[in-house]
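The structure appears below as structure tokens.
The values are calculated or read from the model by the stated rules, or taken from the named source; none is laboratory data. This structure is a prediction, so every number in the text was calculated from the model and none was measured. Reconstructed Cβ throughout: ideal geometry from the backbone, glycine too, with neighbour counts over all protein chains shown. Protein only, heavy atoms only, side chains kept; ligands, DNA and RNA dropped before computing areas. Shrake-Rupley method; radii C 1.70, N 1.55, O 1.52, S 1.80 Å.
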Amino acid sequence: MSYQVLARKWRPRSFASLVGQEHVVTALTHALEQQRLHHAYLFTGTRGVGKTTLARILAKALNCETGITAAPCGECAACTEIDAGRFVDLIEVDAATNTKVDEMRQLLESAVYAPTRGRFKIYVIDEVHMLSTSAFNAMLKTLEEPPEHIKFILATTDPQKIPVTVLSRCLQFNLKQMPPAAIADHLQRITSAEGVQAEPGGLRLLAAAARGSMRDALSLLDQAVAYSAGQVTESAVRSMLGVIDQGYLFDLADALVDGDAPRALGIADAMEARSLSLDSALAELGSLLQRVALAQIAPDALDSQLPERERIVALAGRMDPETVQLFYQIAVHGRRDLALAPDEYAGFTMALMRMLAFTPGEPPERVSAAPRGVGRAPATARLAGAAGATAPAGEGRAKPRDAVRDWPALVRMLNLSGAARQLAERSELVAFADNRIELCLPPDAKALGEKIYVDKLKAALGAHFGAPVGLVVKIGATRGNTVAAIQEGERKARQDQAAASIRSDAFVRELVDQFDGTVVDSSIKPAS
């Protein structure tokens with residue numbers, strides 16, 4: 001007998017077995033019990049949350065031979081044929097491959113005919129947002145006034161793309177992403193029923209990796225069973241998913257709190273030596289910091305079943321809330337900047353050094369010893385160079401205030417593009433106090449002062465300094481100390497230098513003299 005994947009084998013066949021969608025199940029159950037049946041239903045939600053499954057269960061509830069019921073028997077011909085996917089009056093359509101108007105018209109031509117076997121003829125249209133505008137228009141009339149024996153069940157991951165004229169004719173249900181705890185509990189029941197030994201920690205990792213999708217969780221469970229030869233252990237799942245060992249994260253957090261740069265770099269070297277994903281490391285460090293913040297602000301909300309709960313609480317006691325928020329923001333923005341870094345290691349370690357550089361209080365000691373760990377031998381030299389750049393010997397650590405004062409230099413370091421970059425380049429620094437920057441924008445660039453561009457510049461400044469920065473942009477006359485003005489001055493100087501060089505060239509002078517020529521300055525292009 002061929003193997004059936006867990007996602008298909010354990011697909012719910014009744015409302016009672018559906019996990020994580022109680023709000024939808026309750027509404028449909030009451031409607032079925034009171035015989036308040038709508039002619040069109042729309043199920044929305046991300047992949048793997050049960051849209052198609054719910055459509056099939058509803059089809060059974062409407063066509064069960066015992067009558068319209070919220071608890072179909074699952075044994076009659078209608079129920080078994082729907083489960084097997086061969087019920088003649090259940091027409092399932094994939095809108096992603098049937099998008100054209102002719103296909104929709106051909107499909108709806110059979111709607112006027114009574115059902116062959118069941119009580120209702122049911123059309124299930126998956127990914128309905130993929131239909132063309134003409135196809136939507138073709139189904140509008142039937143959708144608005146369908147025959148009594150017709151029911152439409154539409155499913156989509158993107159309801160915003162469905163015309164309002166269609167939405168207004170449907171009873172809409174939004175399916176939620178499933179919480180990791182609910183997914184883990186369901187995986188535990190399945191592994192027990194399948195006779196598979198599974199560690200709770202491994203199932204929690206699978207549930208988190210599924211990101212709210214039960215189907216993805218079951219597919220990952222299938223993969224984990226095969227990967228670990230029938231025993232789903234936490235270590236095997238970590239290896240399969242590339243998840244960072246929590247021990248690394250807590251050691252790293254301790255080093256950052258202690259301001260111990262050599263130890264933090266040593267941990268980074270050890271992680272790289274094991275070929276661990278440093279992008280995942282930043283993501284999981286952010287998750288750890290979120291739980292630390294939760295332990296500080298709302299300790300009762302922290303999951304009591306977390307194996308690392310005691311270490312999280314202990315870490316929360318060692319960090320002040322402002323530092324937690326700062327580290328979290330740097331970790332989040334550090335992930336975004338990884339694609340721009342010379343390599344993943346450089347981006348990861350720069351994020352760590354940014355946390356150390358902006359930690360409140362005294363700056364950490366200079367690096368004077370090799371980091372503890374394996375991997376890159378030159379890490380000490382690289383860190384020392386970076387630390388020197390951040391805090392030159394004898395001058396103390398560079399402060400955001402000093403960087404802001406040289407506004408043109410700061411703008412060149414910001415990760416900006418488009419209109420937001422033009423805003424930064426056309427603006428001039430007026431004042432900087434209490435972590436609040438005030439800029440002046442000339443009247444001819446007033447359009448750049450719109451809120452959307454100001455917010456982007458503000459976000460870039462916060463990401464650069466690793467802490468929120470206030471920003472106010474006013475319209476007024478500037479004194480010429482803007483990036484745009486400086487660039488224009490540099491361009492003009494290069495142009496003048498190029499023109500002078502051409503005019504002083506002996507060959508050019510000879511041509512001008514012999515042919516009574518003229519040098520056209522606008523035709524001279526300085527070398528880039």
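Could you identify the single residue in 62, 90, 54 that is among the hydrophobic types (A, V, I, L, M, F, W, C), under 27 Å from residue 216 (Cβ atoms) and in contact with a Gly (Cβ under 9 Å, 6 or more places away or on another chain)?
Working: 62 fails: under 27 Å from residue 216 (Cβ atoms); 54 fails: in contact with a Gly (Cβ under 9 Å, 6 or more places away or on another chain).
Just a single option satisfies the conditions, and that option is 90.
Specify the residue that is farthest from residue 427 (Cα to Cα); the eligible residues are those in region 486-528 that are open to solvent by less than 60 Å² (accessible area, probe 1.4 Å) and touching a residue at least 12 places away in the same chain (Cβ under 8 Å).
For region 486-528, the residue satisfying everything is 519.
Taking into account only those residues within region 75-99 that are assigned to a loop (DSSP other than H, G, I, E, B) and surrounded by 14 or more Cβ atoms within 10 Å (Cβ to Cβ), which is modelled with the lowest pLDDT? I'd like the intermediate steps shown before the answer.
Residues of region 75-99 assigned to a loop (DSSP other than H, G, I, E, B): 75-76, 85-89, 95-99.
From what's left, surrounded by 14 or more Cβ atoms within 10 Å (Cβ to Cβ): 76, 87, 89, 95, 98-99.
Values: 76: 91, 87: 91, 89: 90, 95: 81, 98: 69, 99: 66.
So the residue we want is 99.
Suppose the filter is at pLDDT below 90 and closer than 24 Å to residue 315 by Cβ; does residue 276 pass it?
Working: at pLDDT below 90: yes; closer than 24 Å to residue 315 by Cβ: yes.
Against the criterion (at pLDDT below 90 and closer than 24 Å to residue 315 by Cβ), residue 276 qualifies.
For region 331-341, indicate whether the set of residues that are without any contact (Cβ under 8 Å) to a residue 12 or more places away in the chain and in a helix (DSSP H, G or I) is non-empty.
Within region 331-341, the subset without any contact (Cβ under 8 Å) to a residue 12 or more places away in the chain is 339, 341.
Cutting the leftovers down to in a helix (DSSP H, G or I) gives us 339.
Within region 331-341, one or more residues are without any contact (Cβ under 8 Å) to a residue 12 or more places away in the chain and in a helix (DSSP H, G or I).
Of all residues in region 281-298, count the ones that are more than 11 Å from residue 331 (Cα to Cα) and either open to solvent by less than 60 Å² (accessible area, probe 1.4 Å) or in contact with a Cys (Cβ under 9 Å, 6 or more places away or on another chain) (or both).
Summing the residues that are more than 11 Å from residue 331 (Cα to Cα) and either open to solvent by less than 60 Å² (accessible area, probe 1.4 Å) or in contact with a Cys (Cβ under 9 Å, 6 or more places away or on another chain) (or both) in region 281-298 gives 7.
Residue pairs, Cβ under 8 Å, 6 or more apart or interchain, first in region 26-44 and assigned to a strand (DSSP E or B), second among the aromatic types (Phe, Trp, Tyr) and open to solvent by less than 60 Å² (accessible area, probe 1.4 Å). List them.
40/152; 41/152; 41/173; 42/173; 43/173; 44/173
Might you let me know whether region 233-251 holds any residue that is in contact with a strand residue (DSSP E or B) (Cβ under 9 Å, 6 or more places away or on another chain) and either surrounded by fewer than 21 Cβ atoms within 10 Å (Cβ to Cβ) or modelled with pLDDT of 90 or more (or both)?
Within region 233-251, one or more residues are in contact with a strand residue (DSSP E or B) (Cβ under 9 Å, 6 or more places away or on another chain) and either surrounded by fewer than 21 Cβ atoms within 10 Å (Cβ to Cβ) or modelled with pLDDT of 90 or more (or both).
If you go through region 266-279 one residue at a time, how many are more than 11 Å from residue 332 (Cα to Cα) and either without any contact (Cβ under 8 Å) to a residue 24 or more places away in the chain or open to solvent by 10 Å² or more (accessible area, probe 1.4 Å) (or both)? Before the answer, list the steps.
Taking region 266-279 first, the residues more than 11 Å from residue 332 (Cα to Cα) are 266-278.
Of the ones still in play, those that are also either without any contact (Cβ under 8 Å) to a residue 24 or more places away in the chain or open to solvent by 10 Å² or more (accessible area, probe 1.4 Å) (or both) are 267, 270, 272-277.
Total satisfying the criteria: 8.
For region 120-137, state whether one or more residues are more than 22 Å from residue 51 (Cα to Cα) and free of Cβ contacts under 8 Å to residues at least 24 places away in the same chain.
Checking region 120-137: not a single residue is more than 22 Å from residue 51 (Cα to Cα) and free of Cβ contacts under 8 Å to residues at least 24 places away in the same chain.
Against the condition among the basic types (Lys, Arg) and within 30 Å of residue 188 (Cβ to Cβ), how does residue 263 come out, does it pass?
Judged against the criteria, residue 263 is not a match.
Yes/no per residue for (1) in contact with a helix residue (DSSP H, G or I) (Cβ under 6 Å, 6 or more places away or on another chain); (2) basic (Lys, Arg):
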| residue | (1), (2) |
| --- | --- |
| 104 | yes, no |
| 109 | no, no |
| 115 | no, no |
| 119 | yes, yes |
| 122 | yes, no |
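Of all residues in region 25-55, which are open to solvent by 80 Å² or more (accessible area, probe 1.4 Å) and within 19 Å of residue 182 (Cβ to Cβ)? So that I can check it myself, show each step before the final result.
Within region 25-55, the subset open to solvent by 80 Å² or more (accessible area, probe 1.4 Å) is 30, 33-36, 47.
Passing the criteria: only 47.
Select from region 166-225 the residues that are among the hydroxyl-bearing types (Ser, Thr, Tyr) and assigned to a helix (DSSP H, G or I) and write down the one among them that is surrounded by the fewest Cβ atoms within 10 Å (Cβ to Cβ).
Taking region 166-225 as the starting set, the residues that turn out to be among the hydroxyl-bearing types (Ser, Thr, Tyr) are 168, 191-192, 213, 219.
Next, from what is left, pick out any that are assigned to a helix (DSSP H, G or I): 191-192, 219.
Working: 191: 20, 192: 11, 219: 17.
Among them, the one singled out is 192.
How about region 352-471: which helices (runs of 4 or more DSSP H) wholly inside it have at least 2 residues that are modelled with pLDDT of 85 or more and open to solvent by less than 40 Å² (accessible area, probe 1.4 Å)?
Working: elements: 379-390, 400-405, 407-413, 418-426, 451-465.
The qualifying helices (runs of 4 or more DSSP H) are 418-426, 451-465.
Please tell me if residue 326 is more than 24 Å from residue 243 (Cβ to Cβ), modelled with pLDDT of 85 or more and part of a helix (DSSP H, G or I). Can you show your working first?
Values: more than 24 Å from residue 243 (Cβ to Cβ): yes; modelled with pLDDT of 85 or more: yes; part of a helix (DSSP H, G or I): yes.
Criteria met by residue 326.
Conditions: (1) assigned to a loop (DSSP other than H, G, I, E, B); (2) out of contact with any helix residue (DSSP H, G or I) (no Cβ under 7 Å at 6 or more places or on another chain); (3) of a type outside the set (Lys, Arg). Residue 307 meets all but one. Number of the miss?
(2)
Select from region 165-199 the residues that are β-branched (Val, Ile, Thr) and at pLDDT 90 or above and write down the one among them that is nearest to residue 230 (Cα to Cα). Full working, then the answer.
We begin by selecting, within region 165-199, every residue β-branched (Val, Ile, Thr); these are 165-166, 183, 190-191, 196.
With at pLDDT 90 or above added as a condition, the list becomes 183, 190-191.
Working: 183: 20, 190: 13, 191: 10 Å.
Top of the filtered list is 191.
Count, please, the residues in region 252-265 that happen to be of a type in the set (A, V, I, L, M) and either without any contact (Cβ under 8 Å) to a residue 24 or more places away in the chain or open to solvent by 50 Å² or more (accessible area, probe 1.4 Å) (or both).
Count: 1.
Within region 203-224, identify whether any single residue is in contact with a strand residue (DSSP E or B) (Cβ under 9 Å, 6 or more places away or on another chain) and within 12 Å of residue 10 (Cβ to Cβ), and answer yes or no. So that I can check it myself, show each step before the final result.
Going residue by residue through region 203-224, those that are in contact with a strand residue (DSSP E or B) (Cβ under 9 Å, 6 or more places away or on another chain) are 203, 206, 221, 224.
Subset that is within 12 Å of residue 10 (Cβ to Cβ): 221.
Within region 203-224, one or more residues are in contact with a strand residue (DSSP E or B) (Cβ under 9 Å, 6 or more places away or on another chain) and within 12 Å of residue 10 (Cβ to Cβ).
Counting just the residues of region 7-24 that are open to solvent by less than 30 Å² (accessible area, probe 1.4 Å) and part of a helix (DSSP H, G or I), which one comes out nearest to residue 173 (Cα to Cα)?
Among them, the one singled out is 24.
Filter region 310-323 for residues that are assigned to a helix (DSSP H, G or I), aliphatic (A, V, I, L, M) and surrounded by 15 or more Cβ atoms within 10 Å (Cβ to Cβ) and give the result.
Looking only at region 310-323, we keep the residues that are assigned to a helix (DSSP H, G or I), and these are 310-318, 321-323.
Add one more test, that the residue is aliphatic (A, V, I, L, M), and what stays is 312-316.
If the condition is that a residue be assigned to a helix (DSSP H, G or I), aliphatic (A, V, I, L, M) and surrounded by 15 or more Cβ atoms within 10 Å (Cβ to Cβ), then 312, 313, 315, 316 are the ones that fit.
Of all residues being part of a helix (DSSP H, G or I) and buried (at least 20 other Cβ atoms within 10 Å of the Cβ) in region 100-128, which is modelled with the highest pLDDT? Just the residue, please. Talk me through it step by step, then tell me what you get.
First, the residues of region 100-128 that are part of a helix (DSSP H, G or I): 101-112, 128.
Subset that is buried (at least 20 other Cβ atoms within 10 Å of the Cβ): 104, 128.
Working: 104: 78, 128: 88.
Looking at residues that are part of a helix (DSSP H, G or I) and buried (at least 20 other Cβ atoms within 10 Å of the Cβ), I get 128.
I'd like the full set of residues that are part of a helix (DSSP H, G or I), under 20 Å from residue 190 (Cβ atoms) and of a type in the set (A, V, I, L, M, F, W, C), limited to region 45-56. Before you say what the answer is, go through the steps one by one.
Of the residues in region 45-56, the ones part of a helix (DSSP H, G or I) are 51-56.
With under 20 Å from residue 190 (Cβ atoms) added as a condition, the list becomes 52-54, 56.
Matches in region 45-56: 54 only.
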